[in-house]
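Derivation of every value follows stated rules applied to the coordinates shown; laboratory data play no part. Predicted, not measured: the structure shown is a model, and the values here were computed from it. All Cβ positions, glycine included, derive from the backbone under ideal geometry; neighbour counts span all protein chains shown.
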Amino acid sequence: MYDLIIIGGGPAGSAAGVYAARKRLKTLMVADSVGGQSVVSAEIQNWIGTIKISGEELANSMRKHVEAYASDILTFAEERAEKIEAKDGNFVLTTEKGSYTTRAVLIAAGSHRRRLEAIGADQFEHKGLTYCASCDGPLFEGQDLAVVGGGNAALETAIELLAYAKSVLIFNRGEDFPRADAVTVEKILSNPKIRVINNAEITEVKGDTFVNGLVYKDKKSGETKELPIGGIFVEIGQLPNTEFVKGLVDLNAQNQIIIDPRTQQTHTKGIWAAGDCTDVLYHQNNIAAGDAVRALEDIYKTLHTK
Ligand SMILES: Cc1cc2nc3c(=O)[nH]c(=O)nc-3n(C[C@H](O)[C@H](O)[C@H](O)COP(=O)(O)OP(=O)(O)OC[C@H]3O[C@@H](n4cnc5c(N)ncnc54)[C@H](O)[C@@H]3O)c2cc1C
């Protein structure tokens, strides 16, 4: 019987693991990977206390921090959580490898990329259509590239691609960029190698063995246009990893876990959640880690006053 099971090994799960061990809660941390989504980032410049660090280095340092506390009090299991059920006042977690019982659960399962829904998008994935600029950008040297999306991630992708691309065309569904930082938007708009097409909806990805073009609809005029393009980078948002807790905790319309932001408690007694899988408005590494720390303070207090 564990005091706490943490699901996730991103900034939220890792911060929770360190705090749980320091509070001497008997904890099982279950994650199918450690480090979180920004592992693919070439450079992270806002992890507080570190001027710049690659996503991979940050992930490694999180793993080392968790491992430094791994002992009889904190166990790490590289497994995928499949189901959590309430049983006799406790919870039973089932993974692909076994089942574990716990008094409390912290869900820190984060989120994953929203996929492009257009004809040919699945067919050309990894054949010129990609979801990771820092992984695949260098493969597109000297090409005219497209970035799909209008948030910070899309704009940062466009900037990152400038290192390799001949030109970058941003396909933005809206009229402007309300979800992006003003400083990033300014950078984009002032760069002569970047052009923005607003009110654009990608309807088809074209190619033979590799992407060679795309079709988009101008949402204002209704007109459909085809353009030659050497590669497509998709950054159209994140979807929470909450499938395995459906029916156990309350989710909002976006399938994010609804929490009390003062304590990180869900509506289900004994279950807390933190980071990108929750309905907090902003999702960042520092926020995920901080939210998990808040959850741990509350979990500790709750378990010790039970
Ligand atoms: C490309 C990119 C660049 C970014 N750059 C920055 C940046 O520069 N600065 C910044 O502050 N933020 C950045 N972000 C956002 C930041 O990465 C997220 O806000 C942060 O990772 C959220 O942390 P998290 O712990 O909540 O979730 P995640 O990082 O998503 O971690 C979730 C964890 O849960 C695990 N998991 C999921 N489902 C299961 C399951 N069923 N069973 C077991 N384990 C599971 C995953 O393997 C992972 O370990 C970036 C995001 C992306 C995609």
Cα→Cβ-extended label distance, 7 Å offset, between His126 and Arg114, nm = 2.5
Taking only Cα atoms and a 10 Å spring cutoff, compute GNM fluctuations for the chain and point out the largest among Glu96, Glu67, Glu57.
-> Glu96
Compute the length gained on full extension between Thr94 and Leu281: take 0.36 nm times their separation in residues and subtract their Cα-Cα distance, giving the result in nm to one decimal.
-> 64.3 nm
When we measure straight from the Cα of Lys217, which lysines land under 16 angstrom away, once same-chain ones fewer than 8 places off are left out?
-> Lys206, Lys225
Please give the helix 55-69 orientation as an angle from the longest Cα principal axis of the chain, in degrees from 0 to 90, rounded to the nearest 10.
-> 0
For the Phe210, Asp32 Cβ pair and Förster radius 30 Å, calculated FRET efficiency rounded to 0.05 is 0.45
Pair-distance profile P(r), taking every C-alpha pair of the chain, with 10 angstrom steps and integer % = 6, 26, 29, 21, 14, 4, 0
Nitroxide proxy distance, nm - points 7 Å out along Cα→Cβ at Glu67 and Thr302 | 3.2
When the dipole is taken about the Cα centre of the chain, and only Lys, Arg (+1) and Asp, Glu (-1) are charged at their Cβ, what size is it in debye, to the nearest 20?
-> 760
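With a Förster radius of 41 Å, plug the Cβ-Cβ distance of Ile159 and Thr203 into 1/(1 + (r/R0)^6) and report the FRET value to the nearest 0.05.
0.95
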Among Tyr164, His112, Val30, pick out the residue whose Cα is farthest towards the positive end of the charge dipole of the chain, where Lys and Arg carry +1 and Asp and Glu carry -1 on C-beta, about the Cα centre.
-> Val30
Taking r as the C-beta separation of Glu78 and Arg195 and R0 as 41 Å, the FRET efficiency to the nearest 0.05 is 0.40
Please find, in a Gaussian network model of the chain (springs between Cα atoms separated by less than 10 Å), the residue of Ile287, Ile51, Ile232 whose mean-square fluctuation is greatest.
-> Ile51
Considering the chain, which cysteines have no disulfide-compatible partner, defined as another cysteine with its Cβ under 4.7 Å away?
-> Cys277
Can you list the lysines whose alpha carbon sits under 23 Å from that of Lys83, skipping same-chain ones fewer than 8 residues off?
-> Lys26, Lys97, Lys246, Lys269
Once both labels are modelled 7 Å past Cα along the beta-carbon direction, what's the Thr224-Asn60 spacing in nm?
-> 4.9
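Got the relative contact order for the chain handy, in percent, Cα pairs under 8 Å and 6 or more residues apart?
Relative contact order of the chain: 20 percent.
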